[in-house]
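Notes follow once the structure below has been shown.
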Amino acid sequence: MTDPTPVPAADATPSPTADVVPPSIVQAGLRGLCPRCGKPTLFASWIRFADRCRACGLDFTQFNVGDGPAAFLTLILGTLVVAGAIMLELTLHPPLWLHMLIWIPVTLAGVVWSLRLAKGALMSAEYRNAAREGRIDPQVPADPLP
């Protein structure tokens, strides 16, 4: 959306988000796209967020993604890896070193990929829904106890 207020001629540079369609939550999570401008600037490293978008300047530190995705992903990915290891053991009976050769890389890749996906999607959802930390409004009177 564009701002309806007129821009003085000296400041007539277009806004970085003037005609940009924000990415969907899934796209932002899969590709690490900024939830405002859609550029792939969300992550500074594999799973660490950048401080701000290099394209539009959105401050990523204002969002509180935290460790929420990690808890769910531990349960989900752990279940899948253990189920796969048990099925492999019951069908082929491979030696322990082969289990380690298979499941350690699968687990590491799964954790990094799924954590990146979940953190990006959660950040995008927070941006879209304007989610912020809870605050108490001092002007609203508290309900009296019965």
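The values are calculated or read from the model by the stated rules, or taken from the named source; none is laboratory data. These figures come from a predicted structure and were not determined experimentally. Every residue, glycine among them, receives a Cβ derived from its backbone with ideal geometry; neighbour counts consider all protein chains shown.
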Restricting to region 74-110, what's the tally of residues that are touching a helix residue (DSSP H, G or I) at 6+ places or on another chain (Cβ under 6 Å) and closer than 23 Å to PHE49 by Cα?
-> 3
Output the number of the condition that ALA10 fails; it satisfies all remaining conditions of (1) in a helix (DSSP H, G or I); (2) of a type outside the set (Lys, Arg); (3) modelled with pLDDT of 85 or more; (4) surrounded by fewer than 10 Cβ atoms within 10 Å (Cβ to Cβ).
-> (3)
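To keep it simple, each residue is scored yes or no on (1) at pLDDT below 90; (2) within 17 Å of ALA131 (Cβ to Cβ); (3) of a type outside the set (Gly, Ala, Ser).
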{"residue": "PRO35", "(1), (2), (3)": "no, yes, yes"}
{"residue": "PHE43", "(1), (2), (3)": "no, no, yes"}
{"residue": "PHE72", "(1), (2), (3)": "yes, no, yes"}
{"residue": "GLY84", "(1), (2), (3)": "no, no, no"}
{"residue": "LEU88", "(1), (2), (3)": "no, no, yes"}
Sole miss for ILE102 among (1) under 30 Å from ARG36 (Cα atoms); (2) out of contact with any Leu (no Cβ under 7 Å at 6 or more places or on another chain); (3) in contact (Cβ under 8 Å) with a residue 12 or more places away in the chain; (4) aliphatic (A, V, I, L, M) is condition (1)
Using beta carbons and a limit of 9 Å, which pairs, at least six apart or on different chains, have the first residue in region 54-80 and more than 21 Å from GLY32 (Cα to Cα) and the second one surrounded by 13 or more Cβ atoms within 10 Å (Cβ to Cβ) and of a type in the set (S, T, N, Q)?
-> ILE76/SER114; GLY78/THR107
Restricted to region 18-33, and to residues that are part of a loop (DSSP other than H, G, I, E, B) and touching a helix residue (DSSP H, G or I) at 6+ places or on another chain (Cβ under 9 Å), which residue is modelled with the lowest pLDDT?
-> PRO22
Within the group ASP59, ASP67, ASP51, which residue is surrounded by fewer than 17 Cβ atoms within 10 Å (Cβ to Cβ) and at pLDDT below 90?
-> ASP67
